[in-house]
Amino acid sequence: MQYLPRLVEERLRLYRNTFPCVLIAGARQVGKSTLLQQLFGNEFRTFVFDPVQDLYQVRRDPDLFLRNNPPPLILDEIQYVPELVPAIKRYVDLERRPGQFLITGSQQWHVIQRLSESLAGRVAPLDLSGFCLAETRAGHTWFDTWLTMARKPAADALPLLRKRRSAGLSATETIWRGSFPEVQTLPEAAVPGWMQGYVATYLQRDVRLILEARDEMQLAAFLSLCATLTAQECNYSKLGKDIGLSSPMAKKWLSVMRQTYQWTELPAFSRNPVKRLSLRPKGYFVDTGLACHLMRISSPQAVQGHPVFGALFETLVMQECLKQAQSLPVTPAWHHYRQHSGAEVDLIAELDGWLFPVEIKASSSVGPGDAIGMDTFRQFAPGRVGLGLVIYAGKEVLQISEQCLAVPFDLM
């Protein structure tokens, strides 16, 4: 498969030239190893660790392993050799120079946490997600630019946005394939088989390893349940009830989904930072293609008429915004907003003291009514609130109200 450049490449090179260790974390099959081999494979030796076999005798004597294999090294899937973490710390402390270890991990659990804590000041963490649309279409990001553009009046921002165009993508095809790199080039008939293998080989193995879960059928049902609940507020008291899970157990299982990069949550926005902690977050399945597979959606054509099409479209766009914002030096804080009266905003980016409201609509047309939630939010949070933005399934850049613009989801 032809290599496609990733948005994080510039930051990865900077970190490699600045810190002794760089940790690249993300779900399985999002391209962590491929990225490192493409950029540094000619300079670094690579070791891939296994959950069962101690192929390089690392667990037996990690310090001897590093003496026999001095850096620069690429250490792939380090969560399987936790004994190596303190040995890396000792090695780096003796010779603290940049670019010694490039490390990957697929789980945010104790080994990755331990590595970040043990190597504080010595390691730069970097998250890698599946492809965003700018990467698959060799285009340029736009949402990171919007966060600056939205501080201007609509009359100034609109001409700048109109210089861009829709890529002409099918929303249903984009949702159904998802963002895993390998899936992008597969024939449509082969995609379900790839997804089935991913669930069986990776997701269930990793989740079961962490949870020590024995009921594979119940675990599979929980994964499917998470897919159907994408783009909804997390109600832990009800989550898992239909499949026989207690509320604490369902919350624990969902935590593991986050740790393995399959689930993400947006905290609720409140002007009171303490109150934010008591409000319900909104949860999203990370990859829409995997969510479709778990919900038994067999083709792109079946996505359009499915009851969760709107939720899947929201998930796609929300993840796209998060991925594009990774190119910024400092990524925004993300929230959702909802009042008891029903007024809501799907996504709020908080950066530099500004709040940027975004609504997501799985419709080919939009109008002034789609900006009502953002107008309500503007009254609730007066101050530095940027222009409102509606991201929709149409093809035109539009101004739909005095303080709100609309753009296609595949703006390039």
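With a sphere of radius 9 Å drawn around the Cβ of SER33, what net charge do the other residues whose Cβ falls strictly inside it have (Lys, Arg +1; Asp, Glu -1)?
Working: positive: LYS32; negative: ASP76, GLU77.
Combined, the nearby Lys, Arg, Asp and Glu give -1.
What's the carbon and sulfur percent of region 354-409's accessible surface, probe 1.4 angstrom, rounded to a whole number?
49
Each stretch of four or more DSSP H residues adds -39500 (n - 2.57); spread over every residue of the chain, this sum gives -10000 deg cm²/dmol at 222 nm. First check a/c for region 133-269, with a ≥ b ≥ c the square roots of the eigenvalues of its C-alpha gyration tensor; if it is under 1.5, answer rounded, and if not, answer prolate when a/b is larger than b/c or oblate otherwise. Since a/c reaches 1.5 but b/c is at least a/b, the shape of region 133-269 is classed as oblate. Where both residues lie in the chain, what percent of DSSP beta bridges are antiparallel, nearest 5? Around 40 percent of the beta bridges assigned by DSSP in the chain are antiparallel ones.
Sequence-distant contacts, meaning Cα pairs under 8 Å at least 6 residues apart, place the relative contact order of the chain at 17 percent.
Ranked by solvent-accessible area (1.4 Å probe, protein heavy atoms only, all chains present), the residues LEU279, LEU312 order from largest to smallest as LEU279, LEU312.
How much area per residue is accessible in region 1-134 when the probe is 1.4 Å and only protein heavy atoms are counted (Å²)? Don't jump to the answer; show the numbers that get you there.
Working: 6090 Å² over 134 residues.
Computed with neighbouring chains in place, this is 45 Å² per residue.
Values of log10 I(q)/I(0) for the chain across q = 0.08, 0.10 Å⁻¹ run -0.46, -0.73, by the Debye formula with one identical scatterer at each alpha carbon and no solvent. Phi angles across region 324-334 convert, under the Karplus curve 6.51 cos²θ - 1.76 cosθ + 1.60 with θ = phi - 60°, into 3J(HN,Hα) values of 5, 5, 5, 7, 7, x, 10, 7, x, 7, 10 Hz, Gly and Pro given as x. Once both axes come from the Cα atoms, what is the angle between helix 84-94 and the longest principal axis of the chain, in degrees from 0 to 90, rounded to 10? The angle comes out at about 80 degrees.
What is the calculated FRET efficiency for THR148 to GLN301, with r their C-beta to C-beta distance and R₀ = 45 Å, to the nearest 0.05?
Values: r = 39 Å, r/R0 = 0.86.
Using R0 = 45 Å, I get an efficiency of 0.70.
Between ALA325, ALA343, ALA291, the Gaussian network model of the chain with springs among Cα atoms under 10 angstrom shows the greatest mean-square fluctuation at ALA343.
For the chain, the longest principal axis of the C-alpha atoms and the axis of helix 247-259 are separated by about 70°.
Where a ≥ b ≥ c are the square roots of the eigenvalues of the C-alpha gyration tensor, would you call region 35-115 rounded, which needs a/c under 1.5, or, failing that, prolate if a/b is larger than b/c, or oblate? The shape class here is rounded. Taking amide H atoms as placed 1.01 Å from N in the peptide plane, the amide H of LEU355 lies under 5 Å from those of VAL385, GLY386, each 5 or more residues away in sequence or on another chain. Solvent-accessible area of SER401, all protein chains in place: 30 Å² (probe radius 1.4 Å, heavy atoms, ligands and nucleic acids excluded). Each DSSP beta bridge with both residues in region 306-412 is either parallel or antiparallel, and the antiparallel ones are about 55%. Rounded to the nearest 10 degrees, the inclination of helix 216-228 to the longest alpha-carbon principal axis of the chain is 30 degrees.
Legend: distances between Cα atoms for LYS323/LYS361; LYS282/LYS395; LYS32/LYS163; LYS32/LYS251; LYS163/LYS282; pairs beyond 26 Å are LYS282/LYS395; LYS32/LYS163; LYS32/LYS251; LYS163/LYS282. What is region 253-412 by shape, rounded, prolate or oblate, if you read a ≥ b ≥ c off the alpha carbon gyration tensor as root eigenvalues and call it rounded for a/c under 1.5, prolate for a/b larger than b/c, and oblate otherwise? Taking the square roots of the gyration eigenvalues as a ≥ b ≥ c, region 253-412 is oblate.
Report, in cubic angstrom per residue, the convex hull volume of the C-alpha atoms of region 1-44. Can you show the working numbers first?
Numbers: hull volume 3.6 nm³, N = 44.
Measuring per residue, one finds 83 Å³ for the Cα hull of region 1-44.
Placing ASP127, ASP144 in order of accessible area, with the largest value first and a 1.4 Å probe, yields ASP127, ASP144.
The values are calculated or read from the model by the stated rules, or taken from the named source; none is laboratory data. Owing to the predicted nature of the structure, the values given are computational and were not obtained by experimental measurement. Positions of Cβ are generated from backbone atoms using ideal geometry, with glycine treated the same way; all protein chains shown enter the neighbour counts. Note: areas computed on protein heavy atoms with side chains; ligands, DNA, RNA excluded. Shrake-Rupley method; radii C 1.70, N 1.55, O 1.52, S 1.80 Å.
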